[in-house]
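Working notes, beginning with the structure itself.
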Amino acid sequence: MVYGEFDDSGKTFTRFCEFMESFQIPWAPVFGNHDNETNKGVLWQCNMLEQCEFCLFKRGNVSGNSNYVVGIADGDKLIDVMYMLDSNGCTQSKDENVIKHRGIYPDQVEFIKSRGNEIKKAQGYMPPSIVAFHIPTMDFIEAEQAKEYATNERKVYNIGVDVTACDGDFGCNYETFKNGAIDAVGFREALKAVHAQGVFAGHHHCINTCISYDGIRWTFGLKTGQYDYHNQGQLGGTQVRLTRDGLEINHLCAIAEKEQR
């Protein structure tokens, strides 16, 4: 959301919250590995988010500071559940509530399973779900290797251009996982238990692949801003639609690069 290192006054984070609130529609953020570096502290950030009228954010009580569940209903029927997770990794902070190595921790995996069981017990069925966090897990690497998009000889690729697309996969990978993906023990099993259809991550600036693997679609959201580095002409956002047949995922590019400047 906000590169915390540049926001020790908290003004940027405050403006971000005001901007999101201006749409007057529900919004649900998770923290990335740089959000909480501000000297304002993560508890101040959590309080700001929880006070916003339209923000669904909850801090949660397991590892990290953005672990919560959002239900999506059609009338009285719960049709989908969003599991929002903190992938941690924000080590450049003086705030003891923030400093953790990157990862989805065992108590977060248990959080997914226990919440899923509570929902199933309350509803009488297990609705499908999607999961969102920042730093990708090893599952994203396994997915591209299983489809042979990435090989020892081919590190970067554009699906449908450099390699043949399978199962509706799309997007490009022009960046190696140089910062390392998370190895989360038992994570995929927990996702299957809550009928996860899609998993969404970010972190890598030049990867926006959407790959179906092991019954789940693993998606990197399209990069939203120009900071640091990005793929030329590939800035915008990722639209996720819930349909009776599952998820419909599209990257929506914003205005042309030359106009952004």
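Looking at the stretch 173-209, which of the residues that are buried (at least 17 other Cβ atoms within 10 Å of the Cβ) and polar (S, T, N, Q) is nearest to Val156 (Cα to Cα)?
Here the answer is Asn173.
Being aliphatic (A, V, I, L, M), part of a loop (DSSP other than H, G, I, E, B) and farther than 20 Å from Gly103 by Cβ is the filter here; which residues of the stretch 2-43 pass it?
Val2, Ile25, Ala28
Residues that are in a loop (DSSP other than H, G, I, E, B) and among the aromatic types (Phe, Trp, Tyr): does the stretch 65-86 have at least one?
Within the stretch 65-86, none of the residues are in a loop (DSSP other than H, G, I, E, B) and among the aromatic types (Phe, Trp, Tyr).
Take Gly180 and tell me if it is farther than 30 Å from Asn117 by Cα and modelled with pLDDT under 90.
yes
Between Lys120, Lys113, which is of a type in the set (Lys, Arg), part of a helix (DSSP H, G or I) and under 17 Å from Ile216 (Cα atoms)?
Lys113
For the stretch 188-205, what are the residues that are charged (D, E, K, R) and out of contact with any Gly (no Cβ under 8 Å at 6 or more places or on another chain)?
Within the stretch 188-205, Arg188, Glu189 qualify.
Residue by residue through the stretch 98-129, note down the ones that are in contact (Cβ under 8 Å) with a residue 12 or more places away in the chain, of a type in the set (A, V, I, L, M) and either loosely packed, with under 14 Cβ neighbours inside 10 Å or in contact with a strand residue (DSSP E or B) (Cβ under 8 Å, 6 or more places away or on another chain) (or both).
Ile104, Ile112, Ile119, listed by residue number.
Within the stretch 48-67, how many residues are free of Cβ contacts under 8 Å to residues at least 24 places away in the same chain and within 21 Å of the chain's Cα centre (by Cα)?
4
Can you name every residue in the stretch 244-261 that is modelled with pLDDT of 90 or more and polar (S, T, N, Q)?
Asn250
Quick one: in the stretch 131-160, of everything that is among the hydrophobic types (A, V, I, L, M, F, W, C) and in contact (Cβ under 8 Å) with a residue 60 or more places away in the chain, which residue is surrounded by the fewest Cβ atoms within 10 Å (Cβ to Cβ)?
The selected residue is Ala146.
The values are calculated or read from the model by the stated rules, or taken from the named source; none is laboratory data. Nothing here was measured: the structure is a model prediction, and the numbers come from that model. Cβ coordinates were reconstructed from backbone atoms using ideal geometry, including for glycine residues, and neighbour counts include every protein chain displayed.
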